[in-house]
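These notes are about the structure you will find just below.
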């Protein structure tokens, strides 16, 4: 073949080369947007992300009907998975392992008590749910919600919390053979509170105890300023231009405000706390111009287990059993098996 015969072939070679390159590029263009998962890829819009999560051991054949507030649906959640979601939502994952175990026991005991109660309180009327996923009961978040919050820390934090739940699996707290009201809160003022000093009923295991570890909490002492007008409207009182705000007339066993007299009216510390949305019912105040500066000590109702106190005990080498027995007086750690028939019958 002579050179002149090659000229007509050049366009064909160029076109063929272009088609070959395009053939290589097109699959890449199709794949890249779908595989860049960390960059908001399209695959996340097309199919749900599968989360790799630690295995829950010794699963108990009981589920918890939880009213999911945002979705407005009831989800049946295996009880140990529910406990994982509660511990993850209610206690910082950075806390010590023994504190997380104590929280798992409290959370499991709480839900067992709720399941055994014939009447559910605080759920939508006519609902078959036993609890909601809010602070009205126990805060619960599923793995997808936790992933959004924890992001890159999701796997390590969930593994740690699941370990705490697994190592306390099937254990609940009882008093004289009955699951206790395992109340807990964030931060004490140095003492927990007698149940009857905050709620109406006394519980023999919810008694005031020392909790000196709580000063590590960022909410141990907090000051906030509110306008006099808001203070007056919140409590329904008038203090006018007086520098005298109110007089504390009694304190509780846990050193919180028992009663206080303001503008001719008498309030409990709890009433003031709830009316003004304060961190604690251990408070002091002073007037500065048209504002009232209120300083609180502690965070929460103060009854039962202090979470920061539990963590402080764990940091000092205390076990979860020791933590539990400090905050809940005269209780026993009991296998859930003795209640399994009732719980299983309910879950069916």
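The values are calculated or read from the model by the stated rules, or taken from the named source; none is laboratory data. Just so we're clear, the structure is a prediction, and the values are computed from it rather than from any experiment. As a convention, Cβ positions derive from the backbone with ideal geometry for all residues, glycine included, and neighbour counts pool all protein chains shown.
Just a few scattered comments:
- Among the residues making up segment 173-202, those that are under 21 Å from residue 114 (Cα atoms), touching a strand residue (DSSP E or B) at 6+ places or on another chain (Cβ under 7 Å) and assigned to a loop (DSSP other than H, G, I, E, B) are 180, 182.
- Residue match in segment 71-79 (condition: assigned to a helix (DSSP H, G or I) and buried (at least 16 other Cβ atoms within 10 Å of the Cβ)): yes
- Enumeration of residues in segment 125-134 that are over 20 Å from residue 342 (Cβ atoms) and modelled with pLDDT of 95 or more: 132, 133, 134
- When residue 82 is tested against the conditions (1) in a helix (DSSP H, G or I); (2) more than 25 Å from residue 206 (Cβ to Cβ); (3) in contact with a strand residue (DSSP E or B) (Cβ under 6 Å, 6 or more places away or on another chain), the lone failure is (2).
- Flag if residue 112 is part of a strand (DSSP E or B) and either out of contact with any helix residue (DSSP H, G or I) (no Cβ under 6 Å at 6 or more places or on another chain) or crowded, with 20+ Cβ neighbours inside 10 Å (or both): no
- For first residues located in segment 196-219 and touching a residue at least 40 places away in the same chain (Cβ under 8 Å), partners that are in a helix (DSSP H, G or I) and surrounded by fewer than 18 Cβ atoms within 10 Å (Cβ to Cβ) and lie 6+ apart or on another chain with Cβ distances below 9 Å form the pairs 206/196; 213/315; 216/315.
- Within segment 264-290, the set of residues being more than 16 Å from residue 250 (Cα to Cα), touching a helix residue (DSSP H, G or I) at 6+ places or on another chain (Cβ under 9 Å) and surrounded by fewer than 16 Cβ atoms within 10 Å (Cβ to Cβ) comprises 275, 277, 289, 290.
- Selection of helices (runs of 4 or more DSSP H) fully inside segment 288-348 by the criterion of at least 1 residues being at pLDDT 95 or above and within 15 Å of residue 172 (Cβ to Cβ) returns 320-327.
- Residue match in segment 128-149 (condition: part of a strand (DSSP E or B), crowded, with 19+ Cβ neighbours inside 10 Å, touching a residue at least 24 places away in the same chain (Cβ under 8 Å) and touching a helix residue (DSSP H, G or I) at 6+ places or on another chain (Cβ under 6 Å)): yes
- Matching entry among 263, 317, 302 (being out of contact with any strand residue (DSSP E or B) (no Cβ under 8 Å at 6 or more places or on another chain) and under 20 Å from residue 215 (Cβ atoms)): 317
- In segment 231-253, the count of residues that are under 27 Å from the mean Cα position of the chain (by Cα), within 19 Å of residue 197 (Cα to Cα), surrounded by 12 or more Cβ atoms within 10 Å (Cβ to Cβ) and not assigned by TED's automatic domain parsing to the domain that holds residue 196 is zero.
- Test: residue in segment 332-345 that is touching a residue at least 24 places away in the same chain (Cβ under 8 Å), surrounded by fewer than 22 Cβ atoms within 10 Å (Cβ to Cβ), within 30 Å of residue 277 (Cα to Cα) and out of contact with any helix residue (DSSP H, G or I) (no Cβ under 9 Å at 6 or more places or on another chain): no
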